[in-house]
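What follows is a short report on a single structure.
Just so it is clear, none of the values below were taken in a lab; they were calculated from the coordinates. Every value quoted in this text rests on a predicted model; they were computed, and no experiment measured them. Ideal geometry is used to build each Cβ from the backbone, glycine not excepted, and the neighbour counts take in all protein chains shown.
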Amino acid sequence: MLYRETGQFKISYAADQSVFPIAQDRWFIAAALAFAFLVVPWIANEYMLQAVLIPLLIFSMAAIGLNLLVGYAGQLSLGTGGFMAVGAYMTYKLTTAFPDLNIIVAFLLAGLVAAGVGLVFGIPSLRIKGFYLAVATLASQFFLLWLFNKVAWFYNYNSSGTITAPPREMFGVVVTGPTATAEVRYTVALSIVVVFAIIAKNLVRGRIGRSWMAVRDMDIAAEIIGIRPFQTKLMAFAISSFYCGVAGAMLVFLWLGSAETEAFSINESFNVLFMVIIGGLGSILGSFLGAAFIVGLPIFLTNAPQWFGAAMPIDLQKHIEIMLFGSMIIFFLIVEPHGLARLWQITKQKLRLWPFPY
Amino acid sequence: MLRNLVLAMLGAVVGVTGVVATTPAQAEGEQFFPMLVYRTGAYAPSGIPIANGFRDYYTMINNRDGGINGVTITFEECETEYNTKLGVECYEKLKNKGPTGASLINPFSTGITYQLIPKAAVDEIPILSMGYGRTAAADGRVFEWVFNFPTTYWSQASAFIRYVAQQEGGVDKLKGKKIAHVYHNSAYGKEANPTLEALAEKYGYELTLLAVDHPGQEQKATWLQIRRAKPDWVFLSGWGVMNQVAVKEAAAIKYPMDHFVGNWWSGSDADVIPAGAGAKGYKSATFHSPKSDFGVHADILKHVYGGDVAKAKRNSFGEVLYNRTIVNAMFAVEAVRTAQGKYGNRPLTGAEVRWGLENFDLTEARLKELGMEGFTRPVKVSCADHETGGPILIQQWDGAKWNIVSDWVQPISEVVRPMIEKAAAAYAAENNITPRSC
Amino acid sequence: MEFISFLNLVFVAPFVDMVSFPIFFAEVVIAGVLTGIMYSLVALGFVLIFKASGVFNFAQGAMVLFAALTLVGLMELGVPVLAALLGAVAVMTVLAFAVERFMLRHLINQDDIILFMATIGLTFLIQGFGEMVWGSNVKALDIGIPSESFEVGGILLNEFDLFAAGSGAVLVAVLAVFFHYTRIGRALRAVADDHQAAMAVGIPLKTIWVTVWSVAGFVGLVAGIMWGAKSGVQFSLSLIALKALPVLILGGFTSVPGAIVGGLIIGVGEKIAEIYWGPLVGGAIENWFAYMLALVFLLFRPQGLFGERIIERV
């Protein structure tokens, strides 16, 4: 009833091709953004921000990056953790070498380095496909972590190999380091993610995104119609790694505050892949939903028994939580193999007809 | 089907946000201790005795004395799986619980400790990382909120070298000896390297560093290298499955086990039992007795388990890591007691407990009162020195239990302390901290 | 000058070292072979399931852990070794039934990556369940395999490693016979070639899947025993799946002999690299070196050494 596009006429091509062609969608997104920017920092407590919202944003960023590669360009990758580490360590090097450099600029430069690294590790994708490629990208994961662990230059020769986010200011407000408040870090993370989500959304609608999808659907056919698979795939690796690199920098500088290579272990690569698949391959919205599912569900499951006053030994609770988490993944895949984004679409479709579905 | 699903999800979301807002009210007169534990996951075999130790000691204090000078101890476990990211979540969840918030935090994970060090000063919650975490934190001028007494990785490594010298018959005998360090390839494992390197320069022994990647299930290459280099001593900084495999592989290459010494995180019961008879003779560092016949143990049996020894044993009673946690829990309780001496017998804030930690003075007489005479050593903390550079003991596995086989071995403080101060100064410079004067 | 000494360090010295200490080199190679077979044991489980159902079963590592946990758990309850072994096999068969009934059956015809993701869900489920039932503490596993070391011509060998390698070899031989000469083995191969054609000639897909998951469970049990005897049975057992992946890609996802040959190449390769080149760069290169080695092989044969040729049509 409320969600109906009747009466909305497009009178220009620009309007017809806009990202959100339906007015209600635009209102909804605008309201959601306003809520996220203006209301959430005031009402959310530190636990909510630090344990749920900030990681959710950071992992959304990484998931968008991986989704560009896996969902749009069809190249299965398990090297996400490694690329995130590149972003984090490079930001650390940059900001300790040039303390006056704006931290956002440092994030972006580090992202560019990650893009370069992604480019190199993307080269095998021209010959290797599918699961073989996935396992081959693990080579980059293990190699990069080993490198950051072994070469003391990356962590300024301190004894333990841990990098710590130093305090950095932006417009007179402390953005990183221990004194930065959760609200500030949340707002910065949100701004970065929103900007890059918009860029990603437009990227996949344009020429680049279309060539990625052509390669994904059938690379030989794409080659025949004049798309160069080599450049296209490498471009996907580079851009995806850029997103992952920025996400990695955010992970250390806006969330954890300090990290060793273990923070970017193979588990993170898997986690981000889960987000992409559960959320929906080839969907920017899905990246957010998937991140919310993978970040939020365990926290919900951990806290739920306490809210309902059910006390049980903590290990038993954890075991049940892990089992539930596993079952939910299987359950969702059986119900909707195309991910949460698809569920959302179906809901929208139904909403259009509601309350008169016949 | 789908509609129901969506409705159910919406319901769940509404439910969550509704409940988040309510925090359970806490009674007055309670001192809250957060507990980051890992009873599941890859490091659970170590995490279980640690978690049980804290729980039992706090429960014993409550049941026997009615709390610390009448202030009841409350505590809550939060499962981290030894994962740094879950550690952050747990910390945020627990830091404001209780009437005065968390009194102090024992992360029991080097990774999580690193994570919390910058936050400690901001949230005003002191960290007691007993024998782990960032060694440089021993410099109390830079790390006001972090305490790592009675001793640290660097002191331990230097004490190990002193022990080797004692066994070999003097410091001058170290020259030309070969020592290998097999370490977990992480912040934790690497901690001892700078000390061992500095001492190698000083005493002229030959140091081989051998890294083992997490998890350390496969170490054949490492032990082949040891078989070939035939080092006179091997020092192990392992954790989790790496310890068990290392002990097993050392036995398989017939390395003399009494020249194979683990650090204090590589010498628990779980580390040697899977290796069976091969582990016999293996040594490790420690800073407390492995026995369980002290007054404090009797009290725990009586006041926590009602004399049920079998039940206590099922709860890791008397294991090495359990005993170590008893020491840690005692430190925590005594620090609160010290602070109460200044601020009165009431629930204390983190800042007040910090004062208690900094003025911590555990005497021999006090240890005796606690039923811990001979269990561990007196400790006296100062503003500048949060470590106290305590000595270590060497224990040896005889196939069935651990036995102490050395006297207290002092660390080589004249080498370690300057290194600590240098590392702390570097940290201060990088993070714009002005060291306070003590 | 420095450059030349660098070249010498990287390209000459290690080989000189190998040649001048042949006995030690032999030890390294033997250690690599023995470790490689241990990797193959884990990789085999992956291959079986991939071959018969096209599922990349990420849960294989968890199955290794679960099978070993069940075995040790039963033994701790006082069940004799043989009965406990049978019990563990029975439990793995029940698991195979459950997987087919509650998971695979509902996911027929889905994309590979969806099935892969589902097995990751299964990993969590099995891990949580196993730990809930049997606890997270490390358990010593001793089923009476000897583990004395002895020297032959200066080469140190360990009875346990030889036993593990021997049982690995026997297992592969049995599986090869099973696949090639039994009725059900032929049916398995038919299913692997073409699901629909197999069904059309009357091969029951479901039975095949249960069989192959049970066999993979059994292989997991053997792997669990061999690895668990070394480190004790504990959570980390499930992480050895990561050591099996390079073996898998090198040998090809669909080839049983590939898993063995891949295991040997990876095992020997990573040991040689770690011992002769590792010290130059600070060590602990085994993990990524295994993947790099596999990657190099893939560049020449994108389907692995023994994998079925990937034919692409437009």
State which helices in chain A qualify, where a helix is a whole DSSP H run, it must extend 30 Å or more along its own axis by its Cα atoms, and its mean Kyte-Doolittle hydropathy must be at least 0.0. A:130-150, A:182-205, A:229-250, A:284-307, A:314-335
Can you give the charge dipole size of segment B:153-286 about its Cα centre, rounded to the nearest 20 debye, using +1 on the beta carbon of Lys and Arg and -1 on the beta carbon of Asp and Glu? 400 debye
How far, in nm, would the chain grow between A:THR181 and A:VAL335 when pulled straight, counting 0.36 nm per residue and subtracting the alpha carbon separation? 51.4 nm
Can you give the convex hull volume of the alpha carbon atoms of segment B:153-286 per residue, in Å³? 88 Å³
Roughly how many whole Å is it from the C-alpha centroid of segment A:137-166 to that of segment B:81-147? 23 Å
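For chain B, what is the charge dipole size about the Cα centre, in debye to the nearest 20, if Lys and Arg each add +1 at the Cβ and Asp and Glu each add -1 at the Cβ?
With Lys and Arg at +1 and Asp and Glu at -1, about 720 debye.
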If I take all pairs of Cα atoms in segment A:317-358, what percentage of them are more than 13 Å from each other? 63 percent
Once the Cα atoms of helix B:220-229 and of chain B are each reduced to a long axis, what angle between those two axes, in degrees from 0 to 90 to the nearest 10, is obtained? 40 degrees
Across peptide B:203-215, how many C-beta atoms of other chains are within 10 Å of each residue C-beta, on average? 4
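Work out the mean other chain Cβ neighbour count within 10 Å for the residues of C:119-130 and drop it here as an integer.
Partner-chain Cβ atoms within 10 Å, mean over residues of C:119-130: 6.
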DSSP H segments from chain C that extend 20 Å or more along their own axis, Cα-based, with Kyte-Doolittle mean of -1.0 or above: C:22-53, C:60-76, C:81-102, C:112-134, C:159-181, C:205-231, C:256-272, C:286-300
Using the Cα gyration tensor of segment B:333-405, with a ≥ b ≥ c the square roots of its eigenvalues, what is the shape: rounded (a/c below 1.5), prolate (a/b larger than b/c) or oblate (neither)? prolate
Percent relative contact order for segment A:23-259, counting Cα pairs under 8 Å at least six residues apart, stands at 39 percent
What Kirkwood hydrodynamic radius, in Å, does chain B give when the mean of 1/r is taken over all pairs of distinct Cα atoms and then inverted? 22.6 Å
So, by mean Cβ neighbours within 10 angstrom, what's the order for B:347-354, A:203-210, C:7-14 with the highest one leading? B:347-354, A:203-210, C:7-14
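Using Cα pairs closer than 8 Å and at least 6 residues apart in sequence, work out the relative contact order for chain B, in percent.
Value for chain B: 20 percent.
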Average beta carbon contacts from partner chains per residue of A:163-172, 10 Å cutoff: 2
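Nothing charged except the Cβ atoms of Lys and Arg (+1) and of Asp and Glu (-1): what's the magnitude of the dipole of segment C:1-130 about its Cα centre? Round to the nearest 20 debye. Display every interim value, and only then the final one.
Details: 3 positive and 7 negative charges, 102 e Å.
Approximately 480 debye in magnitude.
I need the peptides C:201-209, A:29-37, B:247-255 ranked by packing, meaning the mean over residues of other C-beta atoms within 10 angstrom, with the highest value on top. Mind dumping the intermediate values first?
Details: C:201-209: 14.8, A:29-37: 11.9, B:247-255: 22.7.
Final packing ranking: B:247-255, C:201-209, A:29-37.
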For peptides A:292-304, C:64-76, sequence by mean Cβ density within 10 Å, most packed first: C:64-76, A:292-304
Final fewest-first order of C:SER5, C:SER167, B:SER129 on the 10 Å Cβ neighbour count is C:SER5, C:SER167, B:SER129
In vacuo Debye sum over C-alpha of segment B:279-438, base-10 log of normalised intensity I(q)/I(0) at q = 0.09, 0.20, 0.21 Å⁻¹, listed in q order, is -0.41, -1.33, -1.37
Mind telling me which of A:VAL70, A:VAL195, A:VAL113 comes out most flexible in a GNM of chain A, alpha-carbon contacts under 10 Å? A:VAL195
If one compares the long axis through the Cα atoms of helix B:110-123 with the longest principal axis of the Cα atoms of chain B, the angle in degrees, nearest 10, works out at 50 degrees
Ranking C:HIS180, C:GLY262, C:PHE163 by how far each Cα lies towards the positive end of the charge dipole of segment C:133-264 (+1 on Lys and Arg Cβ, -1 on Asp and Glu Cβ), the top one is C:HIS180
Please give the Cα centre distance for segment C:273-314 versus segment C:88-112, rounded to the nearest Å. 31 Å
Within segment A:23-259, count lysine pairs with alpha carbon atoms under 28 angstrom apart where the residues are 8 or more positions apart or belong to different chains. 4
What Kirkwood Rh does segment A:23-259 have if only Cα atoms enter the pairwise 1/r average? Answer in Å. 18.6 Å
Taking a threshold of 22 Å on the Cα-Cα distance, which of the pairs B:LYS93/B:LYS190; B:LYS175/C:LYS271; B:LYS280/B:LYS311; B:LYS220/B:LYS254 fall above it? B:LYS93/B:LYS190; B:LYS175/C:LYS271; B:LYS280/B:LYS311
Normalised alpha carbon radius of gyration of segment A:42-135 [divisor 2.2 N^0.38 Å]: 1.30
Towards the positive end of the charge dipole of segment B:252-383, with charges on Cβ (+1 Lys, Arg; -1 Asp, Glu), say which of B:PRO274, B:TYR343, B:PHE360 has the farthest Cα. B:PRO274
Using alpha-carbon pairs under 8 Å, 6+ residues apart, how would you state the relative contact order of segment C:251-314 in percent? 44 percent
Separation of alpha-carbon centers, segment C:116-179 and segment A:215-284, rounded to whole Å: 35 Å
Give me the compactness ratio for the protein assembly as shown, meaning the Cα radius of gyration over 2.2 N^0.38 Å. 0.93
